[in-house]
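Data block below; observations after.
The values are calculated or read from the model by the stated rules, or taken from the named source; none is laboratory data. Given the structure is predicted, the values throughout are model-derived calculations rather than measurements. Backbone-built Cβ (ideal geometry, glycine too); neighbour counts: all protein chains shown.
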Amino acid sequence: MTQYMLSVHHAPDEDFSDIPEDEMQRIFKAVDDFNDEIRKAGHWVFAGGLKPIGDATVVDGRGDQPIVSDGPFAESKEYLGGFWIIEAADLDEALAIAARGSKACAGKVEVRPIDAA
Amino acid sequence: MTSHTRGHPAGLGAVEETVRAEHGRVLAGLIRRFGDIDLAEDALSEALVVALEKWPVDGPPPNPGGWLTTTATRKALDRIRREKVRDTKYAEAAMIGDDTPAEPTGPVEDDRLRLIFTCCHPALAPENRVALTLRLLGGLTVAEIAHAFLVPETTMAQRITRAKQKIKHANIPFRVPLAEDLPGRVATVLSVLYLVFNEGYLASGSDADPIREDLCREAIRLTRQLREVAGPLGPQPEVDGLLALMLLTEARRPARVADGTLVTLTEQDRTLWDAALIDEGHRLVRGCLALNRPGPFQVQAAINAVHTDALDPSMTDWSQVVRLYDQLYALSPTPIVAMNRAIAVAELDGPEVALVTVDGLALTTYHAWHATRADLLRRMGRTDEARAAYDAAIGLAGNTAEQAWLTARRDTLPGPS
């Protein structure tokens with residue numbers, strides 16, 4: 001079993017206020033259903049949607065003192081909108097789950113293996 | 001150090017042929033058994049060293065593949081013990097006494113088929129899929145692959161290392177995909193094999209041989225292998241179609257280049273064509289047609305079958321060729337297909353009709369587009385425009401034999417140059 005992070009990225013100019021309320025509700029419902037499905041199938045480890053990107057803070061702890069700055073990462077145009085941590089037998093299974101998640105949340109999903117500690 | 005940086009010692013001759021024929025099968029079995037590509041490669045590489053000492057003296061064993069598997073397995077187990085790897089995966093592998101797979105995976109149990117799907121996994125970059133397939137299944141050395149694709153050996157070694165690392169880290173499975181994923185995954189494998197063949201058939205680069213026979217042969221061998229091992233999955237007409245396309249193209253190779261210059265289809269000495277390959281290609285095409293599940297490779301093979309059916313260029317059934325291009329365009333509507341259809345139309349309706357189509361295509365950076373225009377303009381007597389088009393084509397062509405042919409064509413134009 002390998003753990004994968006499925007992350008949902010949004011472009012900086014995506015405006016969610018354009019999305020009609022009933023469409024938004026449909027997406028929330030689809031994501032809830034997907035979460036239930038992967039919980040039942042034993043793939044679920046953890047998941048969370050994130051607060052708006054303006055609420056992000058970046059900590060750079062590589063120097064002597066940690067440097068805290070208003071986020072997001074300046075060099076990245078796209079930003080993380082939410083994620084799941086799942087457990088799957090292999091990449092094919094993770095990709096299949098990610099594809100369903102992508103459909104549910106109406107966004108592209110990046111799949112990355114988690115470095116096992 | 002992994003085996004791919006070592007390569008094979010020189011001067012193996014017959015032993016090398018045997019080894020290369022068995023390479024994919026033996027390595028795939030080792031990868032399945034040990035679940036680790038690097039370990040499997042190193043073990044096989046050590047077994048090859050022993051083979052190269054013994055076989056030239058004692059003669060090859062009756063079952064070279066079996067011998068290599070047994071010897072490499074012993075080498076791998078030795079290595080695991082020697083390095084006292086505590087990794088449980090290695091320890092488990094070392095304790096498994098038999099060769100049966102740990103879990104049933106997919107509809108067919110063939111290690112090479114699993115390995116092809118691993119090497120051509122869509123999560124790997126396309127150029128890395130090609131490199132890994134040639135390395136692991138084809139048994140080509142990194143130096144050979146680097147030479148074939150005209151990149152420095154270090155670059156090729158990095159590509160292969162990166163691909164193997166991603167397979168390991170992301171846990172890309174070593175198995176035949178599930179039935180619902182299969183058509184798409186087979187298509188990915190076919191596109192890798194087609195890429196290998198094309199690079200061989202029209203090699204790029206000013207220092208390269210115009211035709212890399214070894215790459216063509218390798219692509220055909222791997223496609224035959226895929227066809228053999230994928231047989232139990234049910235009819236795969238696109239696999240047959242690709243094999244037929246390769247065979248019918250390869251059949252014309254002896255007539256295709258003369259004195260470093262490309263010879264076009266209409267000018268080729270058709271007695272030089274390989275009749276056996278043409279027969280086999282035609283048989284495959286007929287088999288595909290009977291299944292009636294057309295795909296782009298099958299239709300391209302059928303077009304080549306029409307050409308190779310004609311003993312003389314004047315006997316070519318051009319209306320059949322145009323009909324097949326119509327079908328191909330419906331399956332894969334690209335400007336290149338539209339251009340090739342127009343070339344066939346020129347034979348039926350004249351160059352004027354074809355030129356109208358060709359001029360409307362957004363292919364100005366493609367040398368063959370300029371070469372096609374040049375030929376049509378030449379036939380229409382528009383010499384100055386033809387000359388300019390030949391110049392543009394020569395400037396863009398990457399293949400030396402093609403450049404030589406275009407230059408010769410341009411220089412036969414009447415009037416001032």
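Might you check whether a residue that is assigned to a helix (DSSP H, G or I) and charged (D, E, K, R) occurs anywhere in the range B:290-307? No. Listed by position, the strands (runs of 3 or more DSSP E) inside chain A whose residues that are within 14 Å of another protein chain (Cβ to nearest Cβ) number at least 2 are A:2-10, A:79-88, A:109-113. Screening B:L247 against (1) without any contact (Cβ under 8 Å) to a residue 40 or more places away in the chain; (2) surrounded by fewer than 20 Cβ atoms within 10 Å (Cβ to Cβ) leaves a single unmet condition, (2). Do we find that B:T316 is without any contact (Cβ under 8 Å) to a residue 40 or more places away in the chain and in contact with a Ser or Thr (Cβ under 9 Å, 6 or more places away or on another chain) in this structure? Taking the combined requirement at face value, the residue satisfies it.
Given (1) more than 11 Å from chain A (Cβ to nearest Cβ); (2) surrounded by fewer than 20 Cβ atoms within 10 Å (Cβ to Cβ); (3) more than 14 Å from B:A123 (Cβ to Cβ); (4) free of Cβ contacts under 8 Å to residues at least 60 places away in the same chain, identify the lone condition not met by B:E180. The one condition B:E180 does not meet is (1).
Which condition number does B:T69 fail, the rest of (1) closer than 30 Å to B:G234 by Cα; (2) modelled with pLDDT under 60; (3) assigned by TED's automatic domain parsing to the domain that holds B:V50 being met? Only one criterion is unmet by B:T69, namely (2). The residue list A:I27, A:I97, A:I67 contains one member that is touching a strand residue (DSSP E or B) at 6+ places or on another chain (Cβ under 9 Å) and either more than 27 Å from B:H121 (Cβ to Cβ) or modelled with pLDDT under 90 (or both), which is A:I67.
Looking only at the range B:183-194, count how many residues are modelled with pLDDT under 85 and away from chain A (no Cβ under 14 Å). Qualifying residue count, the range B:183-194: 1. Screening the range B:283-330 for residues that are within 14 Å of B:A344 (Cβ to Cβ) and among the aromatic types (F, W, Y) and picking the one that is surrounded by the most Cβ atoms within 10 Å (Cβ to Cβ) gives B:Y325. Residue count for the range B:220-235 under the criterion of being surrounded by fewer than 21 Cβ atoms within 10 Å (Cβ to Cβ) and at pLDDT 85 or above: the result is 4.
Within the range B:148-204, work out how many residues are under 18 Å from A:A89 (Cα atoms) and assigned to a loop (DSSP other than H, G, I, E, B).
Final tally of qualifying residues: 12.
Quick test for you: out of B:D98, B:D87, B:D110, pick the one residue that is modelled with pLDDT under 80, acidic (D, E) and buried (at least 16 other Cβ atoms within 10 Å of the Cβ). Working first, answer last.
Details: B:D98 fails: buried (at least 16 other Cβ atoms within 10 Å of the Cβ); B:D87 fails: buried (at least 16 other Cβ atoms within 10 Å of the Cβ).
Exactly one residue qualifies, and that residue is B:D110.
Table: residues versus (1) without any contact (Cβ under 8 Å) to a residue 24 or more places away in the chain; (2) under 19 Å from B:R341 (Cβ atoms).
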position: B:H370; (1), (2): no, yes
position: B:R379; (1), (2): no, yes
position: B:T383; (1), (2): no, no
position: B:G398; (1), (2): no, no
position: B:E402; (1), (2): no, no
position: B:T407; (1), (2): yes, no
position: B:T412; (1), (2): yes, no
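Taking B:T223 as the residue in question, decide whether it is in a helix (DSSP H, G or I), within 14 Å of chain A (Cβ to nearest Cβ) and within 19 Å of B:L136 (Cβ to Cβ). Against the criterion (in a helix (DSSP H, G or I), within 14 Å of chain A (Cβ to nearest Cβ) and within 19 Å of B:L136 (Cβ to Cβ)), B:T223 does not qualify.
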